[in-house]
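One structure is given here, and the rest of the page talks about it.
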Amino acid sequence: MYAEERQQAMAQLITTRGRLSVAQLATEYAVTTETVRRDLSTLDRMGLVRRVHGGAVPASSLTVIESGVGEREGANATAKDAIAAAALELLPPPDSVVVLDAGTTTVRLAAALPRDHRLVVVTHAVPVAARLAGLPQIELHLLPGRVRPTTHAAVGSDTVAALADLRADVAFVATNGLTADHGLTTPDRDEAAAKRAIVGCARRTVVLADASKIGVETAVRFASLSDVDTLVTDASIDAAELAALERTGLDVVVA
């Protein structure tokens, strides 16, 4: 089957069945997940499907259901562990101020923080705070706000206002989608506002995103690639996507 034929068949299948994952499509058409991601990116640009985290939905879908923390925790676990380990190399010197965004990969980074490296950690994520509370080397600050049930992250005007007064050395940020053209996106406007404030308060911003997020666009942009310094992703990133990101000048670390 030629690529054009496969892509047309994918678009029809997604339209018929609704949401399909990258893994399901790879099995259906006996191709690699990297090939499926390329096909979905092509179909998304053509307006035939809409890419979402881990797969695609029909182009007519107006509402993208955001995955909850429990559903996302087990997805791409090996890749997320590798990303967290690589991110440790990007920690600032002891006694620096670090902001940890909400996300399953940032939780892994929190769990991996070395016991002999003192840090001031600011977070709006309840799971991150739970990992760090009581650790002797961490001075933990939990941001105010309304906690979203989907992500267990504090959001809202109080969160954004607290971040506006903060100056951090490094922010480690998660994202639902990242593309060379459109930057970093997330489905929820309140979550986007908090992430935008996190990026804005940091001298240096490091994005932690497994390869399933690359090439995906969701509803609300919270940063362009020029707003961030480094992306840490995993080795399954598509070569064409990697090249496109590096052409923008973004520093990409492949874990």
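The values are calculated or read from the model by the stated rules, or taken from the named source; none is laboratory data. All values reported here derive from a predicted model rather than from experimental measurement. Note that each Cβ is placed from the backbone with ideal geometry, even for glycine, and that neighbours are counted across all protein chains shown. We work out accessible area using only protein heavy atoms, side chains counted, and drop any ligands, DNA or RNA first. Shrake-Rupley method; radii C 1.70, N 1.55, O 1.52, S 1.80 Å.
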Test for G145: is it over 30 Å from R37 (Cβ atoms) and modelled with pLDDT under 95:
no
Among the strands (runs of 3 or more DSSP E) lying completely within the stretch 192-255, list those that include at least 1 residues that are under 30 Å from G145 (Cα atoms) and at pLDDT below 95.
220-223
Taking the stretch 206-231 as the search range and keeping residues that are without any contact (Cβ under 8 Å) to a residue 60 or more places away in the chain and of a type in the set (D, E), which one is farthest from A193 (Cα to Cα)?
D229
Could you grab the pairs with beta carbons closer than 7 Å, sequence gap of 6+ or different chains, first residue in the stretch 1-28 and of a type in the set (S, T, Y), second one open to solvent by less than 100 Å² (accessible area, probe 1.4 Å)?
T15/P58; S21/G54; S21/G55
